[in-house]
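Q: One structure is given below, represented as structure tokens, and several questions about it will come after.
The values are calculated or read from the model by the stated rules, or taken from the named source; none is laboratory data. Here the structure is a predicted model, which is why all the values come from computation and not from measurement. Every residue, glycine among them, receives a Cβ derived from its backbone with ideal geometry; neighbour counts consider all protein chains shown.
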Amino acid sequence: MATGRIHSYETLGGLDGPGLRTVVFLQGCPLRCGYCHNPDTWDCRGGTEATVEEVMGRIRRYRPYHGRDGGVTFSGGEPLAQAAFVAELAAACAREGIHTALDTAGYPLDPTVERAIDACDLVILDIKHARPERFRELAGADWRGMLDVLAHTARRRQPVWIRQVVVPGWNDRPEDILALADLIRDHPARQRAELLAYHTMGQRKWRQLGLLSPFAQTPPMSAAALAPLQQLLDDALRQ
Ligand code: SF4
């Protein structure tokens, strides 16, 4: 049975998939997003080692709170960096009738990564930017993994929620949003496309780790500024 490295748990997550959810934050991420609010998840040697059965024990304990619509979300870090572990966890949840969501920024496909994706009921795909050069500028890596997961879920008609964090002055121009619409428009199982407001709550962690975020001086994105961009995305996706 696979073991994995866990950063932490959130017991009553309301933002990471439908209903109330147990969120399992997996340790380790190959990207280095300038606005990451969990830079303490990056190091794949950090966190705490756990077996599938140990994680399932936590999940079962919180299950009464999931209600009819909730479930478990695998987040991170990048959960697909521990694909074998996630595949086993998702399969164990499926055997117990627990809904699973995979909150990922994408990962290059191989048979194990595909198994992990396919084992989850929903994929929440965080698209950093819909232009490869801007994606690399933000994340310090190319976007192949993101495209792989987008294409794979489209081929399998697997339900996806698309998300993009909007940062003032970085990706808040109409052309940024329209590029995102072009990239995701044809996905046959897209259920949602949501813009999320950049916030500065992660900056404290950057400072604690002795790191300097490129967005250290960037103000949060206001709800008032985000709303017309969400409307633009919604309108563009209806065309
Ligand atoms: S993909 Fe997520 S966890 Fe990884 S660096 Fe980017 S924001 Fe942070």
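Q: If you scan region 134-143, which residues turn out to be in a helix (DSSP H, G or I), in contact with a helix residue (DSSP H, G or I) (Cβ under 9 Å, 6 or more places away or on another chain) and surrounded by fewer than 18 Cβ atoms within 10 Å (Cβ to Cβ)?
A: ARG134
Q: Checking HIS7 against (1) crowded, with 18+ Cβ neighbours inside 10 Å; (2) within 19 Å of the chain's Cα centre (by Cα); (3) away from the ligand (no atom under 16 Å from the Cβ), which single condition isn't satisfied?
A: All conditions are met except number (3).
Q: Still on this structure, I have one more. Inside region 166-239, counting only helices (runs of 4 or more DSSP H) that do not spill past its ends, which hold 1 or more residues that are farther than 22 Å from TRP42 by Cβ?
A: Numbers: elements: 174-184, 203-208, 223-238.
Result: 174-184, 223-238.
Q: Continuing with the same structure: For ARG157, which of the numbered conditions (1) at positive phi; (2) in contact (Cβ under 8 Å) with a residue 60 or more places away in the chain fails to hold?
A: Against the list (1) at positive phi; (2) in contact (Cβ under 8 Å) with a residue 60 or more places away in the chain, ARG157 comes up short only on (2).
Q: Next question. Output the residues belonging to region 1-27 that are touching a Phe, Trp or Tyr at 6+ places or on another chain (Cβ under 7 Å) and assigned to a loop (DSSP other than H, G, I, E, B).
A: Passing the criteria: ALA2, LEU20.
Q: Can you tell me how many residues in region 195-222 are within 21 Å of the chain's Cα centre (by Cα) and of a type in the set (A, V, I, L, M, F, W, C)?
A: Residues meeting the conditions: 7.
Q: Could you please let me know if ILE177 is crowded, with 18+ Cβ neighbours inside 10 Å, within 25 Å of ASN38 (Cα to Cα) and under 20 Å from the mean Cα position of the chain (by Cα)? Talk me through it step by step, then tell me what you get.
A: Numbers: crowded, with 18+ Cβ neighbours inside 10 Å: yes; within 25 Å of ASN38 (Cα to Cα): yes; under 20 Å from the mean Cα position of the chain (by Cα): yes.
For ILE177, the condition - crowded, with 18+ Cβ neighbours inside 10 Å, within 25 Å of ASN38 (Cα to Cα) and under 20 Å from the mean Cα position of the chain (by Cα) - is met.
Q: Now for a separate question. Could you count how many residues in region 119-133 are part of a helix (DSSP H, G or I) and either within 15 Å of the ligand (Cβ to nearest atom) or small (Gly, Ala, Ser) (or both)?
A: Here is the first cut: in region 119-133, the residues part of a helix (DSSP H, G or I) are 119, 132-133.
Filter again for either within 15 Å of the ligand (Cβ to nearest atom) or small (Gly, Ala, Ser) (or both), leaving 119.
Counting residues in region 119-133 that are part of a helix (DSSP H, G or I) and either within 15 Å of the ligand (Cβ to nearest atom) or small (Gly, Ala, Ser) (or both) gives 1.
Q: Scan the strands (runs of 3 or more DSSP E) fully inside region 34-118 and keep the ones with 1 or more residues being within 16 Å of the ligand (Cβ to nearest atom) and crowded, with 19+ Cβ neighbours inside 10 Å. Talk me through it step by step, then tell me what you get.
A: Values: elements: 48-51, 71-75, 100-104.
Counting at least 1 such residues, we get 71-75, 100-104.
Q: What's the total number of residues in region 147-184 that are basic (Lys, Arg) and within 16 Å of the ligand (Cβ to nearest atom)?
A: Initially, region 147-184 is screened for residues basic (Lys, Arg), giving 155-157, 163, 173.
Of the ones still in play, those that are also within 16 Å of the ligand (Cβ to nearest atom) are 163.
Of the residues in region 147-184, 1 are basic (Lys, Arg) and within 16 Å of the ligand (Cβ to nearest atom).
Q: Output yes when any residue across region 127-150 is modelled with pLDDT under 95, touching a Ser or Thr at 6+ places or on another chain (Cβ under 7 Å) and closer than 23 Å to LEU15 by Cα, and no when none is.
A: For region 127-150, residues modelled with pLDDT under 95, touching a Ser or Thr at 6+ places or on another chain (Cβ under 7 Å) and closer than 23 Å to LEU15 by Cα: absent.
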